[in-house]
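The values are calculated or read from the model by the stated rules, or taken from the named source; none is laboratory data. Please read all numbers here as calculations on a predicted model, not as lab measurements. All Cβ positions, even for glycine, are placed from backbone atoms using ideal geometry, and neighbour counts span all protein chains on display. These area figures cover heavy atoms from the full protein model, side chains too; ligands, DNA and RNA do not enter into them. Shrake-Rupley method; radii C 1.70, N 1.55, O 1.52, S 1.80 Å.
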Amino acid sequence: MDNNSLAIYGGKPARCAPLPPNYPGAMLMGREEADEVAGVLQAQSPFRYYGPNLQYKVRQLEQTIATDMGIDYALGVTSCTAALITALKALGIGYGDKVIVPAVTWIATAGAVVCSHAVPVFADVDDSLNLDPDRLEEAYDDEVKAIIAVPLLGNACEMDAIMSFARRKGIYVIEDVAQSLGTRYKGRLLGTIGDIGVLSFQLNKMLTAGEGGALLTRSPEWMERAVRYHDQGMFRDRALYGIDSSDETNAFVGQNFRMSELSGAVLLKQWEKLGGMLAVMRRHYERIEAELVAAIPSLRLRTIVDREGNGCSNLGIVCPDAAFAAAFNRALQAENINTYLLYNGKPVYCTPQILRQRTADKDSFPFCYPFRHPVVYTEDMCPTASDLLARTVFLPISPLLEQCDCVDIAAGMVRVYRTLSDEREQNDLSHEQDKTITGGTRS
Ligand SMILES: *Cc1c(COP(=O)(O)O)cnc(C)c1O
């Protein structure tokens with residue numbers, strides 16, 4: 001084997017050691033989080049609303065999030081799934097309602113709609129892999145009450161077009177910013193543009209306490225409903241929110257989605273690391289991107305809606321076809337470059353529980369609602385999502401990379417891409433020749 005051969009052909013990998021794991025916030029956990037959690041344990045007060053020596057970590061976290069993101073209210077909850085359900089309930093959405101969800105998202109977005117007793121309907125994506133505003137109309141009917149916009153992997157949605165569509169129809173917009181904390185659209189932070197925004201603090205996300213989530217809004221009315229829904233219908237600490245509602249006629253049955261003080265403590269310290277982390281990731285992203293584009297001018301990258309606001313957590317390379325993408329991804333793994341195909345290259349409605357409309361309830365409630373416009377899912381209903389997802393290879397950008405890692409990564413990707421492109425061209429050529437020969441024999 002010559003020195004230049006790819007690792008899949010027995011050559012030396014582009015990197016001898018694997019790259020750091022793709023958990024940005026977790027990889028920056030340290031002394032600060034440990035000390036903050038220790039404070040809660042020493043005070044023996046891990047519950048947010050009372051205790052022997054309450055430290056108010058969740059409350060501080062909520063106030064910090066609201067101030068830093070420039071929003072009126074933030075509510076800590078147990079997960080982003082819980083935040084999505086709470087958001088839908090705050091907006092009064094439930095049985096008999098439909099909610100537009102993008103064809104490409106994590107299953108939680110669609111699952112939360114079902115758990116809220118509404119039903120998701122799916123809209124196709126554009127080159128950014130996010131909701132295509134021009135496909136909203138065909139997903140819409142008068143049973144739709146909201147759109148959940150999901151900026152995937154640090155890339156903003158076309159929020160102006162989505163908001164104006166929603167305003168025209170008189171429906172709500174929830175921003176599911178689970179994957180894109182700190183990403184901006186035209187200077188504005190995602191999660192603060194729609195009616196309600198939700199964040200995730202699960203391990204895979206920008207910041208983490210293992211689990212956790214938050215809900216953001218400017219509306220005192222929705223905030224009261226959110227607080228009630230997440231706390232068994234109660235509205236504790238109402239003075240804190242400046243919401244004057246002394247009667248209990250607003251009460252309704254809720255859940256327990258309360259955030260623990262332990263999570264609050266971890267997240268207070270994680271939050272302080274966000275700005276620095278984003279800056280480092282942007283530097284790495286832009287360096288790798290520049291080297292790739294310089295070396296392969298024909299390379300197609302995922303369309304970034306707002307380059308200045310890009311969260312820079314994952315670089316998407318759009319391959320000529322699905323087979324190329326699978327081979328590219330496999331070859332990069334062998335080079336110790338940990339790329340991946342998002343959601344195994346499949347739109348969210350292809351998961352069996354969604355496709356077959358199966359729930360834990362009798363009669364597949366809430367799918368059994370007699371909608372005037374029936375809800376039908378098919379595997380090929382959003383062709384752009386199926387096509388693009390299967391041929392986009394993502395490179396996670398860790399805040400722990402060094403400059404030399406970025407050089408290794410870019411060089412390895414270029415070498416693999418070029419080799420596979422050459423092989424593909426040669427294959428095409430020999431197919432052409434086959435065709436000529438076969439054609440010749442026939443005539
Ligand atoms: C991870 C994720 C969620 C769910 O977050 P949890 O905190 O795990 O409930 C929801 N939406 C999107 C887009 C996600 O990526």
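Give the residue from 90, 43, 394 lying farthest towards the positive end of the charge dipole for the chain; charges sit on Cβ (+1 for Lys and Arg, -1 for Asp and Glu) and the dipole is referred to the Cα centre.
43
All other residues with a Cβ under 12 Å from the Cβ of residue 381 taken together, and with Lys, Arg as +1 and Asp, Glu as -1, what is their net charge?
The answer is -3.
Largest first, how would 380, 72, 124 line up by accessible area (1.4 Å probe)?
380, 72, 124
Quote the charge dipole size of region 299-438 about the Cα centre in Debye, to the nearest 20; the model charges only the Cβ of Lys and Arg (+1) and of Asp and Glu (-1).
520
Just to confirm, what accessible area per residue do you get for the chain at 1.4 Å probe, in whole Å²?
For the chain, the solvent-accessible area averages 43 Å² per residue.
Enter the mean projected area of the convex hull around the alpha-carbon atoms of region 161-250, in nm², rounded to one decimal.
7.5
How much accessible surface does residue 27 have with a 1.4 Å probe, in Å² rounded to 10?
Accessible area of residue 27: about 70 Å².
Give the relative contact order (percent, whole number) for region 45-122; include only Cα pairs under 8 Å separated by 6+ residues.
Contact order relative to length: 22 percent.
How large is the translational diffusion coefficient of the chain in µm² per second when you combine the Kirkwood radius over alpha carbon pairs with Stokes-Einstein at 10 °C and 1.306 mPa s?
Translational D for this selection: 68 µm²/s.
Taking the Cβ of residue 231 as the centre, find all other residues whose Cβ is under 10 Å away and add up their charges (Lys, Arg: +1; Asp, Glu: -1).
Counting the neighbours of residue 231, the net charge comes to +3.
Loop by DSSP (not H, G, I, E, B), at most 13 other beta-carbon atoms within 10 Å: where is the longest site-free stretch of the chain for GluC sites (Glu not before Pro)?
Looking at the chain, 1-247 is the longest stretch - no exposed GluC sites (Glu not before Pro) with at most 13 other Cβ atoms within 10 Å.
Using only Cα atoms and rounding to the nearest 10 degrees, what angle (0 to 90) does helix 80-90 make with the longest principal axis of the chain?
50
What does the charge dipole of region 105-216 about its Cα centre add up to, to the nearest 20 debye, if the Cβ of each Lys and Arg holds +1 and the Cβ of each Asp and Glu holds -1?
The dipole of region 105-216 has a size of about 520 debye.
Over every pair of different alpha-carbon atoms in region 243-286, take the mean of 1/r and invert it; report that Kirkwood radius in Å.
14.5
Given 128, 16, 299, which one lies farthest toward the positive end of the charge dipole of the chain, if we put +1 on the Cβ of every Lys and Arg and -1 on the Cβ of every Asp and Glu?
Looking along the dipole axis, the top candidate is 16.
With every protein chain left in place and a probe of 1.4 Å, what is the accessible surface of residue 5, to the nearest 10 Å²?
Approximately 10 Å² of residue 5 is accessible to the 1.4 Å probe.
Working from Cα positions, state the angle (0 to 90°, nearest 10) between the long axis of helix 274-295 and the longest principal axis of the chain.
Around 20 degrees separate the two axes.
Specify the angular offset, from 0 to 90 degrees and rounded to the nearest 10, of the alpha carbon long axis of helix 31-43 from the longest principal axis of the alpha carbons in the chain.
For helix 31-43, the angle is close to 30 degrees.
Can you give me the solvent accessible area of residue 431 with a 1.4 Å probe, rounded to the nearest 10 Å²?
Rounded to the nearest 10, the figure is 100 Å².
If eta is 1.306 mPa s and T is 10 °C, what Stokes-Einstein diffusion coefficient results for region 246-378, Kirkwood Rh from Cα pairs, in µm²/s?
Result for D is 78 µm²/s.
Just reorder 106, 271 by solvent-accessible area, largest first, 1.4 Å probe, all chains present.
106, 271
At 10 °C and 1.306 mPa s, what whole-number value in µm²/s does Stokes-Einstein give for the translational diffusion of region 1-158, with Rh from the Kirkwood sum over Cα pairs?
So the translational diffusion coefficient is about 80 µm²/s.
Once the cut-off is 21 Å, how many percent of the Cα-Cα pairs in region 308-405 end up in the long-distance tail?
Tail fraction, whole percent: 52.
Using the C-alpha gyration tensor of region 21-109, what are the square roots of 5 times its eigenvalues, in whole angstrom, with the largest one first?
Taking √(5λ) for each eigenvalue gives 31, 19, 13 Å, largest first.
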